[in-house]
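Accompanying notes for the structure given below.
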Amino acid sequence: RLRRVALPWARPPASGVRVVVTSGEPVVRRGGPVALTAFAERVDPRAAPAAGGAVAFVRDPPDGPERAVPMAAADAGAFHVTVPAAAGDFEYRVQVGGASSGWFRVTALDPVELAGET
């Protein structure tokens, strides 16, 4: 009850699960692979563990239409997917059950070529 009065804006996720994205906002080589990882963390100990799989929603280019990419389960509550070639910048978020993460940005840069005399 105290939390309702003191912190009325703080609401636990409806599903009792929070999505933690461990891959964050990487900078990768243009055309190279990108591994996206996340796991489901139970916020409410009474909540059931995350059932089913996870989906990464990708916007390429940023602010473009979303496409769903299924993620493979690694361990209990951990998920990953590898994007084979990052042609350019894109944004992604991860959804596990009814819980979803915020948007993250992947930046693709051209590799640096060294001159022959260096």
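Summary table
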quantity: Net length gained if the chain between Thr82 and Ser100 were fully extended (0.36 nm per residue, minus Cα distance); calculated: 4.6 nm
quantity: Förster radius 25 Å - calculated FRET efficiency between Phe57 and Arg30 (Cβ-Cβ, nearest 0.05); calculated: 0.70
quantity: Among 24-35, 90-101, 69-80, 106-117, the order from most to least packed when residues are scored by Cβ within 10 Å on average; calculated: 90-101, 69-80, 24-35, 106-117
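No lab work stands behind these numbers, since they all come straight from the coordinates. As the structure is a computational prediction, the values presented were derived from the model and not from experiment. Ideal geometry is used to build each Cβ from the backbone, glycine not excepted, and the neighbour counts take in all protein chains shown.
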